[in-house]
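First up is the structure itself, then whatever we jot down about it.
What follows draws every value from the coordinates through simple rules; no lab data is involved. Here the structure is a predicted model, which is why all the values come from computation and not from measurement. For neighbour counting, all protein chains shown are included, and Cβ atoms are generated from backbone atoms with ideal geometry for every residue, glycine included.
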Amino acid sequence: MKIIRFFSYGIAAILVLYLGTIFIVPPIVDRKYNTSTLLPPYNVSTQAQEIYQTLPFIADLHCDALLWQRNLLQKHDYGHIDIPRMLAANMALQAFTIVSKTPKNMNFDHNTGDTDNITTLYIAEGRPVKSWFSLKERALVQCRALYGFAEESAGQFRVVTSARELGKLINDRQQNPQLTAGFLGVEGMQVLEGELDNVEVMYQAGIRMMAPVHFFDNKLGGSAHGVSKGGLTDFGRKVIQRMEEKHMLVDLAHASPQLIDDILAIATRPLIVSHTGVKGTCNNVRNLSDAHLRRIAAGGGLVGIALFEPAVCGTDARATARAIRYAADLIGVDHVALGSDFDGAIAMHFDVTGLPLLVEALLAEGFNPEEIKKIMGGNIRDFLLLNLPKS
Ligand SMILES: [Zn+2]
């Protein structure tokens with residue numbers, strides 16, 4: 001009996017400890033990794049603020065907010081984005097992109113898929129046990145979380161999955177500016193767990209954009225930060241074809257140059273690069289060459305420029321605006337957008353409410369208000385209206 005009592009106390013103690021962990025640890029980790037160079041309130045010129053106020057559709061191609069178990073219905077004083085801050089920033093649409101696995105000691109040059117930080121994070125966040133050891137389940141859990149926020153948002157937030165729903169969002173926002181939306185993406189198709197049919201599972205879960213790789217090589221092909229720097233595999237080719245059939249968007253962020261070449265060679269639909277920089281202003285392995293920028297644009301593609309130092313070689317809006325200027329001069333302003341990487345475990349220039357600072361920097365780069373409208377979201381709106389599934 002004593003032994004049984006001893007074990008019961010032991011299990012109870014472990015449970016209490018675990019419950020404590022899932023309430024205390026996630027916000028600490030979130031706050032530690034998702035920092036900003038500048039904190040609000042932001043000091044913006046009157047001219048930039050006035051132009052910002054007139055932007056009809058502000059949108060962004062990449063954020064990892066779903067990774068952190070943050071209640072996105074509440075306003076936070078850490079991290080970069082949540083629904084109240086999206087509303088304060090007059091955001092129309094944010095891509096919520098799912099991270100499922102990241103290597104330990106992650107770096108830009110050489111990572112294997114042998115280790116994983118996210119298992120520990122998921123356990124510490126108290127995620128469903130089923131998702132602790134399944135990358136597919138990890139993705140589905142994050143999809144469900146975003147839909148959950150939509151359900152509980154009292155009509156302030158919705159998930160968009162088609163051109164028809166996007167059209168409705170645009171209409172509804174004219175009556176109700178206190179309305180914002182998200183669409184779902186995946187960063188690294190290891191979430192397919194090697195099964196082609198899981199493309200359908202991801203589609204059914206609401207996902208409309210997927211990047212083949214993240215920080216390590218997987219069954220589809222090589223990462224810019226992986227070991228092989230290889231191209232598209234047979235499996236990868238089949239996945240891209242299946243995605244195109246379903247009008248899911250292929251995202252080339254983090255792909256190795258060879259993988260980008262191979263996808264460009266077979267793609268029949270426009271491609272996205274959800275969060276990147278350009279080698280022309282910041283020459284490193286994660287950024288796009290001029291040749292790739294030209295080919296992506298020639299196919300009708302869209303390139304999201306990020307808001308963090310390693311992508312733009314600077315810690316402020318000017319660095320992002322310089323990259324946007326470079327890309328716009330090379331491929332035309334219609335192919336350039338914002339791809340912040342908010343909440344991507346990285347120091348941002350600022351949180352989502354600091355976006356007027358980007359308008360100020362774009363003005364300083366010589367963009368006119370019509371061009372700024374396109375860069376700040378008009379191009380994303382038009383691209384998605386054209387390329388998402390119709391309904
Ligand atoms: Zn990324």
Say the cut-off is 24 Å between C-alpha atoms; which of Lys168/Lys390; Lys168/Lys374; Lys32/Lys130 go over it?
Lys32/Lys130
Using a Gaussian network model of the chain whose springs link C-alpha atoms within less than 10 Å, name the residue from Gly226, Gly332, Gly79 with the highest mean-square fluctuation.
Gly332
P(r) for the chain, please, calculated from all Cα pair distances in 10 Å bins and given in %.
5, 24, 35, 24, 7, 2, 1, 0
Looking only at segment 51-77, which residues have a backbone nitrogen under 11 Å from a spot 7 Å from the Cα of Leu39 in the C-beta direction?
77
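Between Val201 and Ala265, what length in nm is gained on full extension when 0.36 nm per residue of separation is reduced by their alpha carbon distance?
Details: separation 64, 0.36 × 64 = 23.04 nm, distance 2.64 nm.
That works out to 20.4 nm of additional length.
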Under a cut-off of 15 Å between alpha-carbon atoms, report the aspartates and glutamates in cross-link reach of Lys279, not counting same-chain residues fewer than 8 places apart.
Asp290, Glu309, Asp329
Amide H of Ala181 versus every other amide H placed in the peptide plane: which residues, excluding those fewer than 5 positions away on the same chain, fall under 5 Å?
Leu93, Gln94, Arg158
List the chymotrypsin sites (Phe, Trp or Tyr not before Pro) within segment 305-391 that DSSP assigns to loop and that have no more than 12 neighbouring Cβ atoms inside 10 Å.
none
List the lysines whose alpha-carbon lies under 22 Å from that of Lys219, not counting same-chain residues fewer than 8 positions away?
Lys101, Lys104, Lys136, Lys229, Lys238, Lys246
On a C-alpha basis, how far is the centre of segment 129-153 from the centre of segment 17-67 in Å? Whole number, if you could?
21
Once you've got the GNM for the chain with C-alpha springs shorter than 10 Å, pick whichever of Ile240, Ile22, Ile118 has the biggest mean-square fluctuation.
Ile22
Would you calculate, for the chain, the mean residue ellipticity at 222 nm contributed by helices, counting each DSSP H stretch of 4 or more residues as -39,500 (n - 2.57) and dividing by all residues, to the nearest 500?
-13000 deg cm²/dmol
Simple spin-label estimate for Val129/Arg5, 7 Å along Cα→Cβ, in nm, reads 2.8
Where in segment 19-118 are there chymotrypsin sites (Phe, Trp or Tyr not before Pro) that are in a DSSP coil and have at most 14 other Cβ atoms within 10 angstrom of their Cβ?
Phe108
When the chain is treated as a Gaussian network with springs between alpha carbons less than 10 Å apart, the largest mean-square fluctuation among Ile51, Ile372, Ile14 is found at Ile14
In the chain, with Lys and Arg counted as +1 and Asp and Glu as -1 at Cβ, which of these residues, Leu302, Gly10, Leu259, has the Cα nearest the positive end of the dipole, that is, farthest along it?
Gly10
Placed amide H near His80: partners under 5 Å, 5+ positions off or other chain
Asp343
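Provide the gained length on full extension for the span Val227 to Met106, in nm with one decimal, where the gain is 0.36 nm per separating residue minus the Cα-Cα distance. Mind dumping the intermediate values first?
Working: separation 121, 0.36 × 121 = 43.56 nm, distance 1.24 nm.
Fully extending the segment from Val227 to Met106 adds 42.3 nm.
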Exposure proxy ranking, count of Cβ atoms within 10 Å, fewest first, for Lys136, Lys32:
Lys32, Lys136
Spin-label model distance (nm) - Asp114 vs Arg144, 7 Å beyond Cα toward Cβ:
3.4
Convert each backbone phi in segment 362-369 into a coupling constant with the Karplus relation 6.51 cos²θ - 1.76 cosθ + 1.60 (shift: θ = phi - 60°), then list the ³J(HN,Hα) values in order as whole Hz, x for Gly and Pro.
5, 4, 5, 7, x, 6, 8, x
Multiply the residue separation of Gln53 and Ala347 by 0.36 nm, subtract the distance between their alpha-carbon atoms, and state the gained length in nm to one decimal.
103.2 nm
Scan of the chain for GluC sites (Glu not before Pro) in DSSP loops with at most 13 other beta-carbon atoms within 10 Å gives a longest site-free stretch of 196-391
Partnerless cysteines (no other Cys beta carbon under 4.7 Å) identified across the chain are Cys63, Cys143
What is the spin-label model distance, in nm, from Thr46 to Arg164 if the labels are put 7 Å beyond Cα along the C-beta direction?
4.8
Just in segment 78-133: which trypsin sites (Lys or Arg not before Pro) are loop by DSSP and have at most 16 other Cβ atoms within 10 Å?
Lys104
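Restricting to the chain, compute how many DSSP beta bridges are antiparallel as a %, nearest 5. Intermediate values should be presented prior to the final figure.
On the way: 3 of 32 bridges.
Here the share of antiparallel DSSP bridges comes out near 10 percent.
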